[in-house]
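The values are calculated or read from the model by the stated rules, or taken from the named source; none is laboratory data. Here the structure is a predicted model, which means the values were calculated and not measured. For neighbour counting, all protein chains shown are included, and Cβ atoms are generated from backbone atoms with ideal geometry for every residue, glycine included. Areas reflect the complete protein model, heavy atoms only, side chains present, ligands, DNA and RNA absent. Shrake-Rupley method; radii C 1.70, N 1.55, O 1.52, S 1.80 Å.
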Amino acid sequence: MDKRRIVIFDTTLRDGEQSPGASLTVNEKLIIAKQLARLGVDVIEAGFPIASEGDFEAVRLIAKNVKGPIICGLARASDADIDRCWEAVKYAEKPRIHTFIATSKVHREEKLKKSKDDVIKLAVNAVRRAKRYCDDVEFSPEDAARTSLDYMCDVVREVIKAGATTINIPDTVGYSEPGEFGDRIKYLFEKVPEAKNIVVSVHCHNDLGNAVANSLAAVINGATQVEGCINGIGERAGNASIEEVVMNLVTRKDFFNAVTGINTREIYKTSRLVSNLTGIDVQRNKAIVGVNAFAHEAGIHQHGVLSDRRTYEIMTMEDVGWMGENIVIGKHSGKHAITALLEDEGYKLDKDQINQITNKVKELADKQKTIERDDVLAIAIDVTHQLSEKEQRIKLEEFAVTTGSGMMPTASVKLIVDGEVKIGAGVGDGPIDAVSSAIWNIVGPSVRLVEYNLKAITGGTDALADVSIKLADKDNNIFSARAVNEDVIKASVLGIIKGINKALNFEKRENPQR
Ligand code: KIV
Ligand code: ZN
């Protein structure tokens, strides 16, 4: 029997970017999109063009510059959304408009306040409008997994008639169980046989941890497109993880009898790139791309793997493109070793960035006996996440902290804010608390710190400190920032200032008249 071709639809840049704290710049989105093209995804959902100027710009830039995959934009079922979406995707070699409207009872009655018939009319109008612009139109009945089966089939039948070329069945709130979701897809093909002539897709969220299992259950029952995100990021608990779906299909081809266009050797790089740019770490024991995924700790396992890797390994790290920890970085390592290591980690660096990273690694090597892979990665994150001169509306001039046993830590900070020198003082429970209250005393309450994490990169008292923070503005937009320094207080100050600058730049972009 011929193998079925499963279309891989990546929504890292749209649903993935909806992960709390994962805001990407337009340029970062373009870098990720180019890597997704190298990975071999069939469709890139590049954003939701009507959502903001930034989203529109990112989709347009990706449509103009990324060749290979279909470039798709999301639009609600309204003329304005669809028109705006087309304005952004029309530059692509292969554009797609993805339009959606909710169909479940709770969404229809409580959110949309529309009858079943009204929703069908809106869905059909949306597909027809999108078809005026492009042949490739995807439609999603949002919250399909909680929509009555027969009504879901009615909606699908009508939008196919209106010209939809892909129908996507989302489990928007991650509510389904695998057997049940598979049965939903089977039922759809029985009741709407014309669905066999188009692409039937699934889009599963991970609220109960079932996103990948539900997607695979759908494939077993006839779905031919799977949507998901790299590292499984996305709204709330995330979306189906693309790398897990793909490696299931590849490793168990005997079971699924299906193929994808993915070059699995690009998986690890893509995962690291997305993690580095979004600031969302990959958990150590994550399937496929976690650092423990190919590590063997127990003696009996190590013995088995040394005799024959197949005893405890169902796939190899080479299959997913991970070269392992075999590059040693020392005081005398040059640009080539550092570049090779960082390329392996998914970085695309320019000359200037390579020079900066190499110099910082050498500086650190003068102070620290050994340089580990994680030190180099932390420095690279720091260098590649620098804001441009224009984006640095606040700059650190100097700071001082006094602390000691029995005394309340106090701090003073001198900042340049939009070209003006400002000095603030603060006290706190510890030196970092004191210095951050000195910063807030200058900046005011427009942003607040919602998360602070400190990690010593490698062991020892001379280890690099890696600080990642999240700030929220008045509208609860979240901004993440990260900074690395040998001095833990300085790393904290730099991280907080970077986060505040991101929030200020966002405010400026959203309100250009100001
Ligand atoms: O989860 C969802 O329902 C979505 C749709 C827009 C496809 O993201
Ligand atoms: Zn979603």
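Observations on the model:
- Positive dipole terminus of the chain, leading residue within Ala483, Gly234, Val467 (C-beta point charges): Gly234
- Residues of the chain: accessible area per residue with a 1.4 Å probe, Å²: 45 Å²
- For the chain, the longest site-free run once GluC sites (Glu not before Pro) in DSSP loop states with at most 16 other Cβ atoms within 10 Å are removed: 94-296
- Loop-located trypsin sites (Lys or Arg not before Pro) across the range 378-453 with a Cβ neighbour count of 15 or fewer within 10 Å are Lys390, with loop assigned by DSSP.
- Accessible surface of the chain, 1.4 Å probe, proportion on carbon and sulfur as whole %: 51 percent
- Net lengthening on full extension, Glu194/Thr311 (0.36 nm per residue, minus Cα-Cα): 37.5 nm
- Helical contribution to [θ] at 222 nm, DSSP H n ≥ 4, -39,500 (n - 2.57), averaged over the chain, rounded to 500: -12500 deg cm²/dmol
- Using only side-chain charges placed at the Cβ, +1 for Lys and Arg and -1 for Asp and Glu, the dipole size of the chain relative to its Cα centre rounds to 980 debye.
- Among the trypsin sites (Lys or Arg not before Pro) in the range 112-195, those placed in a DSSP loop whose Cβ has at most 10 other Cβ atoms within 10 Å are Lys113.
- Tilt relative to the chain, helix 53-65 - C-alpha long axis, 0 to 90 degrees, to 10: 70 degrees
- Accessible surface of Met317 - all protein chains present, 1.4 Å probe, nearest 10 Å²: 50 Å²
- Inter-site label distance for Thr403 and Asp366 at 7 Å from Cα along Cβ, in nm: 2.7 nm
- Remark: the Cα gyration tensor places the range 175-297 in the prolate category, a/c being 1.5 or greater and a/b exceeding b/c.
- Two-site FRET efficiency, Asn441 against Glu57, from Cβ-Cβ distance with R₀ of 35 Å, rounded to 0.05: 0.50
- Based on Cα contacts under 8 Å between residues 6+ apart, the range 4-278 shows a relative contact order of 21 percent.
- FRET efficiency estimate (nearest 0.05) - Cβ-Cβ, His336 to Asn477, R0 35 angstrom: 0.30
- Taking 0.36 nm per residue of sequence separation and removing the Cα-Cα distance, the Ser148/Lys67 pair yields an extension gain of 25.2 nm.
- Helix 351-367 vs. the chain, principal-axis angle (Cα, 0 to 90°, nearest 10): 50 degrees
- Using 0.36 nm per residue and subtracting the Cα-Cα separation, the extra length available between Tyr452 and Met323 on full extension is 43.3 nm.
- Estimated FRET transfer efficiency (Gln283, Gln392; beta-carbon r; R0 35 Å; 0.05): 0.60
- Against the chain, whose longest principal axis is taken from its Cα atoms, helix 431-443 shows a tilt of about 70°.
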